[in-house]
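These notes are about the structure you will find just below.
The values are calculated or read from the model by the stated rules, or taken from the named source; none is laboratory data. Just so it is clear, the structure is predicted and the values come from calculations on it, not from any experiment. Cβ placement follows ideal geometry from the backbone for every residue including glycine, while neighbour counts extend to all protein chains displayed.
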Amino acid sequence: MDLHFYVQGETRRIEFDVIEDNAKERDIGFWVTKQCKFAKKQAIEEWKRNQASVSFPVVPTLFGTPDQRTLWLKKHWYRMPLYIRPFLYFFYRYVVRLGFLDGKQGFIYHFTQAFLYRLIVDIELDSLLRESN
């Protein structure tokens, strides 16, 4: 999930790096199951966003802060045709961002996270849209 929190008041930074090493994720079955679970949640979030006019916490703009740029990209991403998005995102991650340099493990990661995950989101979203009509 792509979670961002906007808080009022003082925040602090962690002094050291946080290393996340979930040993269960080394099992491809666990990884794919986890991706399917999160993809369904992502589809529901997108479906709800389509149902109501959602205001963003910051103004989306291509030439703003990283958060503004991300929101601008998401706003346009949600308008793209379903089933095209996974191909475009995989191409972006694997070719444009040079994911192919990560070898076999990189291909597996980019394929499952950038293509398969996004494809499942679109399948789930398509199902939600058909049920709501």
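Summary of computed values
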read-out: Evaluation of Lys41 against (1) charged (D, E, K, R); (2) over 24 Å from Val121 (Cβ atoms); (3) modelled with pLDDT of 90 or more (one fails), failing number; value: (2)
read-out: Residue in the stretch 111-128 that is in contact with an Asp or Glu (Cβ under 7 Å, 6 or more places away or on another chain), over 15 Å from Glu45 (Cβ atoms) and not hydrophobic (A, V, I, L, M, F, W, C) present; value: no
read-out: Test: residue in the stretch 97-120 that is more than 30 Å from Tyr6 (Cα to Cα) and in contact with a Lys or Arg (Cβ under 8 Å, 6 or more places away or on another chain); value: yes
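Every residue, every condition in (1) loosely packed, with under 12 Cβ neighbours inside 10 Å; (2) modelled with pLDDT of 95 or more; (3) more than 17 Å from the chain's Cα centre (by Cα), yes or no:
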{"position": "Lys74", "(1), (2), (3)": "no, no, no"}
{"position": "Tyr83", "(1), (2), (3)": "no, yes, no"}
{"position": "Val95", "(1), (2), (3)": "yes, yes, yes"}
{"position": "Tyr109", "(1), (2), (3)": "no, no, no"}
